[in-house]
Amino acid sequence: MTWHDPGVTSGSAADQRLRDLARLRRVRDRIDREYAQPLDVEALARGAHMSAGHLSREFRAAFGESPYAYLMTRRIERAMALLRRGDLSVTEVCFAVGCSSLGTFSTRFAELVGMPPSVYRRQEGRATAGMPACVAKRVTRPVRNREAPAPEPSLA
């Protein structure tokens with residue numbers, strides 16, 4: 001019969017969990033840096049030496065959303081800033097932030113922001129005029145981990 005030290009196993013499991021979290025942070029950092037590049041879960045998983053399914057499960061457990069949802073949120077945040085500037089069309093912004101489908105971009109934008117990108121471009125460009133960029137970014141940040149709140153019903 002062999003003797004088994006539970007402290008070694010616990011330490012090893014805890015060490016492995018820390019290594020996994022470090023890999024997940026590197027994946028998140030890569031998304032933050034390379035959001036405009038053609039990224040998909042398979043490519044991110046290969047870079048982290050994990051399967052796509054394992055990466056998705058672990059990323060969601062650590063950060064509360066899937067790697068794809070996190071990537072799209074980053075892209076939409078950047079798109080919001082570009083649309084507020086007002087010098088690019090919605091299509092140009094879509095491709096500038098790394099989306100390859102205008103339909104998917106517009107749908108996800110509307111889910112997160114509560115309005116289509118064309119409406120946002122018209123309305124928010126004026127709303128943040130004169131506001132410091134750091135403040136504009138904070139007050140216009142998209143909703144994470146679900147959709148934008150439903151608009152108030154109009155009584156007019």
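The values are calculated or read from the model by the stated rules, or taken from the named source; none is laboratory data. Please read these numbers as outputs of a predicted model, since none were measured by experiment. Here the Cβ positions follow ideal geometry from the backbone for every residue, glycine too, while neighbour counts run over all protein chains shown. All accessible areas refer to the heavy atoms of the entire protein, side chains included, with ligands and DNA or RNA removed. Shrake-Rupley method; radii C 1.70, N 1.55, O 1.52, S 1.80 Å.
Which residue pairs have Cβ atoms under 9 Å apart, sit 6 or more places apart or on different chains, and have a first residue in region 89-100 that is in contact (Cβ under 8 Å) with a residue 60 or more places away in the chain and a second that is among the small types (Gly, Ala, Ser) and in a loop (DSSP other than H, G, I, E, B)?
96/36; 97/36; 98/36
Could you say which residue among 140, 91 is at pLDDT below 95, among the polar types (S, T, N, Q) and under 24 Å from residue 39 (Cβ atoms)? Don't jump to the end; show me each part of the working.
On the way: 91 fails: at pLDDT below 95.
On inspection, the qualifying residue turns out to be 140.
May I ask you to list the residues in region 30-58 that are assigned to a loop (DSSP other than H, G, I, E, B) and open to solvent by less than 60 Å² (accessible area, probe 1.4 Å)? Break it down stepwise before answering.
Start the filter on region 30-58 by keeping residues that are assigned to a loop (DSSP other than H, G, I, E, B), which leaves 35-40, 49-51.
35, 36, 39, 50, listed by residue number.
Any chance region 68-77 includes a residue that's closer than 30 Å to residue 18 by Cα, open to solvent by 50 Å² or more (accessible area, probe 1.4 Å) and either at pLDDT 95 or above or within 15 Å of the chain's Cα centre (by Cα) (or both)?
yes
Looking at (1) modelled with pLDDT under 90; (2) surrounded by 15 or more Cβ atoms within 10 Å (Cβ to Cβ), which one does residue 113 not meet, given that it meets all the others?
Result: residue 113 fails condition (1) only.
List the residue pairs whose Cβ atoms are under 7 Å apart, where the first residue sits in region 49-65 and is touching a residue at least 40 places away in the same chain (Cβ under 8 Å), the second is open to solvent by less than 40 Å² (accessible area, probe 1.4 Å), and the two are 6 or more positions apart or on different chains.
62/24
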